[in-house]
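I have placed the structure first, in the form of structure tokens, so that the comments after it can refer back to it.
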Amino acid sequence: MTVPAIALGLYAKIGRPNLPDMPLQARTSAPAAQPDLSAVVGKMEAYIAAQPTDGHALELMAPAYLRMGRYDDAVNAIKKAIDILGETPDRLVSYAEALSYANDGMVSPDAVDQLEHALALDPKNLQARYFLGLARPSTTTGTRRARSGPRCWPRCPTDRGQGRMCWTS
């Protein structure tokens with residue numbers, strides 16, 4: 001009995017019964033309001049111009065630049081973020097990804113170096129393993145390619161009967 005009384009009291013105090021209802025179809029068919037990416041990027045660029053040593057802002061800009069197709073700007077942003085904040089496996093992978101986009105989607109030798117460095121810092125980094133797996137066919141040939149593949153796969157016990165590959169959580 002007290003719950004309905006409390007709910008009615010709260011509704012009377014903070015509710016807005018004079019607002020018109022919005023039917024379900026109108027709610028589901030209305031497009032979600034999303035900010036214009038170029039406007040947000042413009043604001044962030046103005047902020048970075050005023051605060052050029054904010055590595056976190058630069059790190060946030062790189063994916064936005066990638067999404068907008070501004071690959072060279074993404075490379076510069078993540079490189080500056082690494083210089084300011086230091087190397088982490090995730091930053092190195094982001095840098096390698098930006099380098100790959102700037103290289104027309106091909107994983108360049110410089111990107112491979114960044115990915116290998118990320119794996120040296122964190123051997124279980126799946127993103128680095130994934131991008132290295134993409135890079136191997138373009139940078140290796142024949143039996144060398146076949147031998148380099150397992151290095152990119154997650155390490156797992158072989159007694160599961162699944163061969164070399166297994167799912168990890």
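Quick one: net charge of Glu87's neighbours, Cβ under 14 Å, K/R +1, D/E -1?
-3
Counting just the Cα atoms, what span does the stretch 1-90 cover along each of its three principal axes? Round to the nearest Å and put the largest first.
Rounded to whole Å, the extents work out to 62, 32, 28 Å.
Find the relative contact order for the stretch 1-112 and round it to a whole percent, using C-alpha pairs within less than 8 Å whose residues are 6+ positions apart.
It comes to 16 percent, rounded to a whole number.
As an exercise, use a Förster radius of 41 Å and the Cβ-Cβ distance of Gln51 and Ala7 to find the FRET efficiency, rounded to the nearest 0.05.
0.30
Evaluate the relative contact order of the stretch 36-86 (contact order divided by residue number), counting alpha-carbon pairs under 8 angstrom at least 6 apart; express in whole percent.
Relative CO of the stretch 36-86 lands at 36 percent.
So what does the Cα-only Debye profile of the stretch 36-86 read at q = 0.16 Å⁻¹, as log10 I(q)/I(0), no solvent term?
Log-scaled intensity ratios, in q order: -0.38.
Going by the alpha-carbon gyration tensor, a ≥ b ≥ c the square roots of its eigenvalues, is the stretch 47-141 rounded (a/c under 1.5) or, if a/c is not under 1.5, prolate (a/b greater than b/c) versus oblate?
Note, shape of the stretch 47-141 comes out oblate.
All of the numbers you see were taken from the coordinates with simple rules; none came from a lab. Computed from a predicted structure; not experimentally measured. Cβ atoms come from the backbone with ideal geometry, glycine included; neighbour counts cover every protein chain shown.
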